[in-house]
Every structure is written in C-alpha cells, then in structure tokens.
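Structure record follows, encoded as structure tokens.
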Amino acid sequence: MSAGEDSEATAFPGAPTEPHWALTAFHGRAGDHNDRAMAGARVLGTELARYMRAGLTRIGQSRPALNAGWETELTAALPELRRLAARYETLLAAGAKPVTALNRCAVALATLPVVARHRPDACVVWLDAHPDLHTPATSDSGYLGGMVLAGASGMWESGLGGELSPGNIVLGGVRDIDEAEQRLLSEGTISAVSAGEDMVDNLRTAIAGRPVYFHLDCDVLEPGLLGTDYRVPGGLTLERLHEVAGMLAEHETVGVELGEFETIQPTGETDTQAAQRLIEAVSPLLDNTRG
C-alpha cells in the first residue's frame with residue numbers, strides 16, 4: 001500500500017467493540033513551510049491510536065513542502081483534502097466522533113464545513129496564536145494556513161465549502177492579530193478569549209453550553225514546550241491546556257483535531273515523548289463519553 005492510500009491500522013487489544021471515536025491522521029501537503037509537521041502528524045496519530053486503543057486511518061502522501069503561495073498550495077492539497085472531507089461525511093453521518101491528527105491548520109478547510117453541515121448547533125473552539133481570518137484579498141503573506149476560518153465560514157471560496165457560521169467560532173489564546181483580522185473581531189460576531197488566568201471561565205461563557213468541536217494549533221502554547229513552526233510568546237502551558245480540556249469535556253464533544261505538531265523538539269526529548277505529553281494535556285476530551 002502506498003503512502004497516499006487510506007490505511008486502517010489494527011485496533012489495539014482491549015479496544016471497545018462499539019467505537020465511540022474514529023481516528024485519522026492527515027499528513028499530506030497543506031500549505032507547509034517545511035516537512036516537520038507531516039512527520040509530526042504521523043507520530044501523533046500513532047500515539048493517539050495507542051492511547052485510545054483504536055484503529056487509525058491515514059490520509060495523505062508526505063512529500064517535500066512547497067512553501068508557496070495559497071493558490072499553489074491549495075491546488076496541490078485539494079485531492080487529499082477532499083478525501084478527508086469525504087471521510088468526515090461518512091463518520092458524522094454514522095454518528096461517530098472524529099479525532100484527527102493533522103499536519104497544518106489549513107487541513108481544517110476540509111473538516112470544519114462538514115462538521116458545520118452535520119452539527120450546525122456546535123461551536124468550533126479554535127485554540128491558536130493566530131485568528132486565521134484572512135482572505136486572499138487581505139493576506140500580505142499569502143499563507144494558506146492564515147485563511148482557514150475565513151474559508152470555512154464562506155468569506156472566500158476554497159472549493160471545500162463555507163458553511164461554518166462565524167457566530168459558532170470561539171477563538172482561544174489568539175495574540176498575533178493583523179489589522180484586517182482585528183477589524184473583523186471588533187465586529188463582535190466571532191468570540192475571542194485571550195490566554196490568561198481567567199481563560200477557562202471566559203471560554204465557558206463564550207461556549208454558552210453548546211456542543212464543541214475542538215481544534216488545537218500547537219503554537220497556542222508557550223514557545224519551547226513543543227516543536228512548532230511559529231513561536232509567539234504569551235501562550236498556554238500544558239497545564240493550562242489540560243484545564244481548558246477539562247472544562248470543554250463538560251460539554252458534548254463533537255470531535256477533536258490536533259495540528260501543527262512538528263518533529264524535532266526544543267526540549268531534547270523524543271517526538272514520541274512530546275506527542276504523549278500533548279495527548280495527556282488534552283486527555284479529558286479524549287476520555288469524554290458525553291454523547
């Protein structure tokens with residue numbers, strides 16, 4: 001089987017006979033600046049399967065990063081992103097809850113519109129150092145990953161859908177905000193909660209009891225804790241992330257996606273050890289059985 005084909009790993013002994021979660025690792029091209037997150041998604045997917053004692057479907061052939069503009073990156077990524085979107089359609093239609101390791105946040109262009117179609121009552125809790133609310137018209141860098149939430153909510157046409165309501169976006173930990181994004185946030189439709197001592201309470205208020213689809217971009221964390229592409233001071237500790245995950249687990253969990261985990265750890269530990277620490281930090285959500 002080639003690296004580009006879907007593959008179902010054998011479930012670990014003791015896995016539940018009626019799976020609550022459905023695990024996927026996406027590690028194809030998705031606007032990568034380098035190859036480290038494609039490798040990171042492979043490691044993280046394996047460790048998620050080990051932790052959850054479940055099978056794992058892999059999507060995407062890891063190839064050298066293009067490090068190009070958004071149009072080139074999107075064209076290269078679309079075939080595999082569409083395969084992921086189709087998997088989400090199948091999973092959510094069957095009542096399964098997706099847990100996905102993804103290399104770059106741009107992969108959420110494929111996941112979020114499907115989640116919004118199936119669960120329009122759910123909010124997307126998006127933890128990231130950046131709002132990712134640019135469009136091709138407002139982005140100076142042309143970086144695909146900076147346009148994800150804008151694309152998923154129909155502010156520009158990605159070819160993957162735009163059904164996510166801006167009112168169902170809850171940002172957490174954002175602190176590197178461009179002028180065009182700040183203008184959009186100032187309108188108040190999209191909730192934004194800063195990192196800080198009151199982050200958990202403020203997120204709870206913004207969620208307002210709604211079901212939650214959780215997205216983590218690892219650069220929401222304080223630089224130096226895990227391997228990431230961007231390093232923005234003022235982020236979360238893993239302990240604070242665990243507190244946030246515990247609060248989110250009070251709500252119905254629609255799904256979980258973890259992205260931007262790169263190989264080569266600043267702590268000197270192995271990638272497997274770092275992935276295990278990340279999984280432990282979000283474990284309240286993964287252990288959540290709220291239907």
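The values are calculated or read from the model by the stated rules, or taken from the named source; none is laboratory data. Predicted model only: the values in this text are computed from it and were never measured. Backbone-built Cβ (ideal geometry, glycine too); neighbour counts: all protein chains shown. Note: areas computed on protein heavy atoms with side chains; ligands, DNA, RNA excluded. Shrake-Rupley method; radii C 1.70, N 1.55, O 1.52, S 1.80 Å.
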- Find the relative contact order for the range 183-284 and round it to a whole percent, using C-alpha pairs within less than 8 Å whose residues are 6+ positions apart. 30 percent
- Message: Taking each pair of distinct Cα atoms in the range 237-278 once, what is the resulting Kirkwood hydrodynamic radius in Å?
- Response: 12.1 Å
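Order 236-246, 123-133, 38-48, 264-274 from most to least packed using the mean count of other Cβ atoms within 10 Å. Don't skip to the end; give the middle numbers.
Values: 236-246: 18.5, 123-133: 26.8, 38-48: 24.6, 264-274: 15.0.
Highest-to-lowest ranking by the protection proxy: 123-133, 38-48, 236-246, 264-274.
Give me the percent of the accessible area of the chain that comes from carbon and sulfur atoms, probe 1.4 Å, all protein chains in place. Could the numbers behind the result be given before it?
Working: 5550 of 11140 Å².
Heavy-atom surface of the chain belonging to carbon and sulfur, 1.4 Å probe: 50 percent.
Whole number in Å², please: accessible area per residue of the range 83-142, 1.4 Å probe, ligands, DNA and RNA not counted.
28 Å²
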- What is the antiparallel percent of DSSP beta bridges lying wholly in the chain, to the nearest 5? 5 percent
- Note on the structure: Quick calc: nm separation of the 7 Å Cα→Cβ label points for residue 186 and residue 270 -> 5.1 nm
- Item | Centroid-to-centroid separation of the range 137-156 and the range 52-66 [C-alpha atoms, Å] | 24 Å
- Message: Please list, ordered by chain and number, the residues whose modelled amide H lies under 5 Å from the amide H of residue 257; skip anything fewer than 5 residues away on the same chain.
- Response: 100, 214, 215, 216
- Using Cα pairs under 8 angstrom and six or more residues apart, how large is the relative contact order of the range 216-267, in percent? 50 percent
- Put a dot 7 Å past each Cα toward the Cβ at residue 237 and residue 165; how far apart are the dots in nm? 3.7 nm
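Counting only heavy atoms of protein chains, what accessible area per residue, in Å², does the range 207-291 have with a probe of 1.4 Å?
Ligands and nucleic acids excluded, the result is 35 Å² per residue.
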- Task: When a/c is below 1.5 the answer is rounded, else prolate if a/b is larger than b/c, else oblate, so apply that to the range 42-127 with a ≥ b ≥ c taken from the square roots of the Cα gyration tensor eigenvalues.
- Result: oblate
- Item | For a label point 7 Å along the Cα-to-beta-carbon line of residue 66, residues of the range 74-88 with backbone N under 19 Å | 74-85
- Message: Need one word for the range 206-287: rounded, prolate or oblate. Basis is the Cα gyration tensor (sqrt eigenvalues a ≥ b ≥ c); a/c below 1.5 gives rounded, then a/b vs b/c decides.
- Response: prolate
- Query: To the nearest 0.05, how large is the calculated FRET efficiency for residue 176 and residue 33 if R₀ is 22 Å and r is the Cβ-Cβ distance?
  - Reply: 0.90
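What do you get for Rg/Rh of the chain when both radii come from the Cα atoms and Rh is the Kirkwood radius? Write out the running numbers ahead of the final one.
Working: Rg = 17.1 Å, Rh = 18.6 Å.
Radius of gyration relative to Kirkwood radius: 0.92.
Assuming 1.567 mPa s and 4 °C, estimate D for the range 91-154 with Stokes-Einstein, Rh taken as the Kirkwood radius over Cα pairs, in µm²/s. List each step's numbers first, then the result.
Values: Rh = 12.7 Å.
It diffuses with D of about 102 µm²/s by this estimate.
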- Where does the chain land at 222 nm, in deg cm²/dmol rounded to the nearest 500, when only DSSP H runs of n ≥ 4 count, each adding -39500 (n - 2.57), divided by all residues? -10500 deg cm²/dmol
- Message: I need to check one value: relative contact order of the chain, counting alpha carbon pairs closer than 8 Å and at least 6 residues apart, in percent.
- Response: 19 percent
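Above 26 angstrom, tally the Cα pairs of the range 106-257 and express them as a % of all pairs, no decimals. Don't jump to the answer; show the numbers that get you there.
Values: 2113 of 11476 pairs.
Value for the range 106-257 (Cα pairs over 26 Å): 18 percent.
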